[in-house]
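Notes follow once the structure below has been shown.
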Amino acid sequence: MTALLSVRHLTTAFDIGGRLIPAVNDVSFDLQPGETLGLVGESGSGKSVTALSILRLVQLPGRITGGSILFRSRDLLTLSEAAMRRVRGAEISLIFQEPMTALNPVFTVGDQIAEALLVHGKATRSEARQRAVELLEAVRLPDPARRVRDYPHQLSGGMRQRVLIAIALACQPALLIADEPTTALDVTIQAEILDLLREMKARFHLSLLLITHDLGVVAETADRVAVMYAGRIVEEAPVREIFRAPKHPYTQGLLTSMPGVTPGTRLRAIEGTVPDLSALPRGCAFGPRCPDHFELCDTAPPPLYDVGADHCARCYLHRPHEGDR
Amino acid sequence: MASAGDVPLLDVRHLTKEFQQRHGLWQPRAVMRAVHDVSFTIDEGQTFGLVGESGSGKTTTGRCILRLIEPTSGEVWFRGENVLGYSREQLRRARRHMQIVFQDPYSSLNPRMRARQIVEEPLVIHKQGSRQQRRDRVAELFGLVGLDPMHLERYPHQFSGGQRQRIGLARALALNPSLIIADEPVSALDVSIQAQVVNLLMDLQQRLRLTYLFIAHDLRLVEHICARVAVMYRGRIVELGPTARLFTAPQHPYTRALLSAVPVPDPDAVRRRIPIQEEWFEPALPLREVTPGHWAAV
């Protein structure tokens with residue numbers, strides 16, 4: 001099977017006072033048609049910058065400094081800006097965390113869905129109006145024929161996120177990138193939106209790149225998971241592998257620090273803080289916080305090692321022993 | 001609902017807060033009950049969880065207890081005295097014993113004050129100790145919450161989110177309070193930092209015999225640290241009981257719906273979502289004791 005999206009050695013750096021600080025560092029992954037890849041990480045891990053890089057929406061002082069992004073066998077990084085505009089929204093869509101700010105307050109939701117269709121020449125003005133109602137129906141907004149004339153402030157947070165999903169799906173893209181799509185929502189609304197994303201994925205044959213910090217959301221939604229730390233992917237595996245047999249100490253730490261094992265006991269926290277990207281250690285970026293840290297970790301950033309079928313981890317604990325090869 | 005024998009540290013009775021709302025200049029005023037007849041008790045040294053979604057009234061309840069928002073009616077008994085009957089001066093003195101920690105460590109600390117000044121300020125306001133005694137106390141508090149005393153002179157922006165939350169906690173602890181109202185104290189923090197702050201809260205409770213009112217939307221966290229918990233929906237408590245019972249044998253359909261919506265960090269978990277239904281709340285039923293100590297509006 002050919003991957004729908006194939007990111008290779010992507011590096012996106014920010015020019016801070018004349019120094020190039022990589023926020024995304026040599027990131028590679030594939031996304032197959034119909035697959036959901038969960039990109040997990042904390043703030044500053046580079047997961048959102050990865051999403052923006054795929055759509056070439058990184059703003060100065062940030063810029064993509066290396067790598068390739070193959071989408072349907074074209075390298076998005078070599079397309080002209082005009083060609084890239086035809087990709088955005090039509091072939092690859094993006095939905096954000098903040099359903100409160102992502103919609104334009106002075107246009108009706110119908111206008112905003114129609115705009116997506118008109119920009120890409122997918123419908124005439126009168127067709128667009130009809131399509132808007134159908135899309136609102138598809139995302140299960142109650143009373144779509146009336147709601148299409150509503151302004152964003154008349155909708156709740158969950159309804160706005162449904163509208164954003166409708167806009168994202170208007171041109172029937174092949175890939176939907178969802179950056180923390182449920183983080184700002186209440187848990188019952190989050191559950192509805194996750195159900196909706198799953199349903200839309202099946203109905204529109206979408207691939208989904210789901211960016212989140214919430215391992216519960218990942219477990220419910222993703223087929224495969226890539227864990228990011230300080231700009232790099234540190235572990236990648238099918239979702240069951242990540243939860244059943246995590247190999248990187250950071251992934252293990254994230255899983256064991258969650259509440260829920262024995263109430264009232266101390267949580268097994270990861271000590272220390274997320275490193276400053278402008279002052280990364282010479283070796284493994286997780287080294288200073290790692291419970292399994294040893295001499296080799298301070299020498300150079302570890303490469304990704306294969307640790308099982310379709311499972312790799314960026315950790316010296318998993319280096320092949322001498323004589324194995 | 002008090003435990004048998006001794007008096008609870010905090011006893012909230014029939015707390016109600018109404019806001020006047022006007023949907024347009026010529027529309028008549030409408031009354032919105034943000035908190036509606038809320039009652040619960042917290043024993044000394046206990047952690048009581050108040051959970052609910054946005055708009056459920058959990059934050060307003062916390063603020064009404066401290067009278068940061070004046071409640072419309074009800075009683076708040078703290079160490080056997082009704083806080084709502086206090087004069088301004090009595091309230092100022094009582095606030096020493098009840099402190100609050102806010103959700104957002106980015107907006108809750110004054111950016112123009114040094115960490116030392118932020119932690120020292122309550123001591124100055126309540127005229128505690130000499131300058132030197134206050135300095136010593138601040139250094140002690142820094143150590144208590146796990147901050148490096150070398151960083152006393154730094155400004156808030158020079159700290160990470162987790163460290164800022166520790167500063168907020170040090171400030172809240174400065175006057176040796178017995179009750180801490182913690183309003184979503186870790187929800188703005190990164191996953192790997194949340195556990196550190198939760199551990200700190202539990203350690204401090206043991207060492208200082210603190211009582212917590214823990215306001216949160218994260219049910220997994222509440223299950224982990226709270227002895228008893230109340231679930232709020234649209235201003236009312238719909239269920240209240242010992243945490244273990246409430247999580248394993250929820251009685252109100254809303255509690256079941258809420259629990260069914262929590263994402264489980266296990267790809268093989270069986271998920272059966274329960275959608276919320278309006279008829280569960282119409283008419284609003286009074287709480288009744290289902291099993292000893294476990295109340296539900298069913």
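Every read-out reported here was derived from the displayed coordinates using simple, explicitly stated rules and does not represent laboratory data. As the structure is a computational prediction, the values presented were derived from the model and not from experiment. Every residue, glycine as well, gets a Cβ built from its backbone with ideal geometry; the counts of neighbours run over all protein chains shown.
Does the protein assembly as shown classify as rounded, prolate or oblate by the C-alpha gyration tensor (a ≥ b ≥ c root eigenvalues; a/c under 1.5 gives rounded; else a/b over b/c gives prolate, otherwise oblate)?
oblate
Round to a whole angstrom and tell me the spacing of the C-alpha centers of region A:63-82 and region B:253-275.
When both Cα centres are located, 40 Å separates them.
Could you derive backbone 3J(HN,Hα) for region B:151-162 from the dihedral phi with the Karplus parameters 6.51, -1.76 and 1.60 (θ = phi - 60°), listing whole Hz in sequence and x where the residue is Gly or Pro?
Going residue by residue, I get 9, 4, 8, 7, 9, x, 5, 8, 10, 7, x, x Hz, with x marking Gly and Pro.
With a point put 7 Å past each Cα toward its Cβ, work out how far B:Val31 is from A:Glu127 in nm, to one decimal.
5.6 nm
Taking H placed 1.01 Å from N in the peptide plane, check which residues at least 5 places from A:Tyr229 or on another chain put their amide H under 5 Å from its amide H.
Residues meeting the amide H criterion: A:Val234.
How much length is gained if the chain between A:Asp15 and A:Asp298 is pulled fully straight, taking 0.36 nm per residue apart and subtracting their Cα-Cα distance, in nm to one decimal?
Length gained between A:Asp15 and A:Asp298: 99.3 nm.
Return the percentage of antiparallel bridges among DSSP beta bridges fully within chain B, rounded to the nearest 5 %.
Counting only bridges with both partners in chain B, antiparallel ones make up about 60 percent.
Indicate, rounded to the nearest 5 percent, the antiparallel portion of the DSSP beta bridges found entirely in the protein assembly as shown.
Percentage antiparallel, nearest 5: 60.
Output wanted: per-residue J couplings in Hz (rounded whole) for region A:47-54, from phi through Karplus 6.51 cos²θ - 1.76 cosθ + 1.60, θ = phi - 60°, x for Gly and Pro.
5, 6, 5, 4, 4, 5, 5, 4
Relative contact order for chain B: what percent, with Cα pairs under 8 Å and sequence separation of 6 or more?
This gives 21 percent for chain B.
Report the label-to-label distance for B:Arg271 and A:Arg240 in nanometres (one decimal), using points 7 Å from each Cα along the Cα→Cβ vector.
Each label point lies 7 Å from its Cα, and together they span 1.7 nm.
Non-local amide H neighbours of B:Gln46 (under 5 Å, H modeled in plane, Pro and chain starts lacking H): which ones?
Result for B:Gln46 returns B:Tyr212.
I'd like to know which of A:Ala138, B:Asn82, B:Phe214 lies farthest towards the positive end of the charge dipole of the protein assembly as shown, counting +1 on Cβ of Lys and Arg and -1 on Cβ of Asp and Glu.
B:Asn82
Could you work out how much longer the chain between A:Thr262 and A:Ser80 gets when fully extended? Use 0.36 nm per residue separation minus the Cα distance between them, nm to one decimal.
That works out to 60.0 nm of additional length.
How far apart, in nm, are the 7 Å Cα→Cβ label points at A:Met100 and A:Tyr305?
4.6 nm
Which shape class applies to region A:219-284: rounded if a/c is under 1.5, otherwise prolate when a/b exceeds b/c and oblate if not, where a ≥ b ≥ c are the square roots of the Cα gyration tensor eigenvalues?
Oblate.
Amide H neighbours of A:Gln32 under 5 Å, at least 5 residues apart or on other chains, H built in the peptide plane: list them.
Amide H neighbours of A:Gln32, under 5 Å, 5+ apart: A:Leu4.
With θ set to phi - 60° and the Karplus curve 6.51 cos²θ - 1.76 cosθ + 1.60, what are the ³J(HN,Hα) couplings of region B:93-98 in order, to the nearest whole Hz, using x for Gly and Pro?
My calculation for region B:93-98 gives 6, 5, 4, 3, 8, 10 Hz in order.
Treating only the Cβ of Lys, Arg, Asp and Glu as charged (+1, +1, -1, -1), what charge dipole size does region A:1-144 show about its Cα centre? Round to the nearest 20 debye.
Approximately 380 debye in magnitude.
Please compute the contact order of region A:169-242 in relative form: average sequence separation of alpha-carbon pairs under 8 Å and at least six residues apart, divided by the residue count, as a percent.
27 percent
Using alpha-carbon positions, what is the distance between the centroids of region A:252-310 and region B:26-82, in Å?
41 Å
When a/c is below 1.5 the answer is rounded, else prolate if a/b is larger than b/c, else oblate, so apply that to region B:1-130 with a ≥ b ≥ c taken from the square roots of the Cα gyration tensor eigenvalues.
Note, shape of region B:1-130 comes out oblate.
How well do other chains shield peptide B:265-273, expressed as the mean number of their Cβ atoms within 10 Å of each residue Cβ?
6
As a check on your grasp of the helix formula, calculate [θ] at 222 nm for chain A: sum -39500 (n - 2.57) over DSSP H runs of n ≥ 4, divide by the residue count, round to the nearest 500.
-8500 deg cm²/dmol
What lysines sit close enough to B:Lys58 to cross-link, taking a C-alpha to C-alpha distance under 20 Å and skipping anything fewer than 8 places away on the same chain?
B:Lys17
Sort A:Arg160, A:Arg86, B:Arg67 so the one with the fewest other Cβ atoms within 10 Å of its own Cβ comes first.
By the 10 Å Cβ count, ascending, the order reads A:Arg86, B:Arg67, A:Arg160.
Averaging sequence separations of C-alpha pairs under 8 Å and six or more residues apart, then dividing by the length of chain A, give the relative contact order as a whole percent.
Normalised by residue count, the contact order of chain A is 20 percent.
Using +1 at the C-beta of Lys and Arg and -1 at the C-beta of Asp and Glu, which of B:Ser178, A:Leu185, A:Val148 has the Cα lying farthest in the positive direction of the dipole of the protein assembly as shown?
Going by the charge dipole, the pick is B:Ser178.
Multiply the residue gap between B:Asn110 and B:Asp6 by 0.36 nm, knock off their C-alpha separation, and tell me the result in nm, one decimal place.
Residue separation times 0.36 nm, minus the Cα-Cα distance, leaves 33.4 nm.
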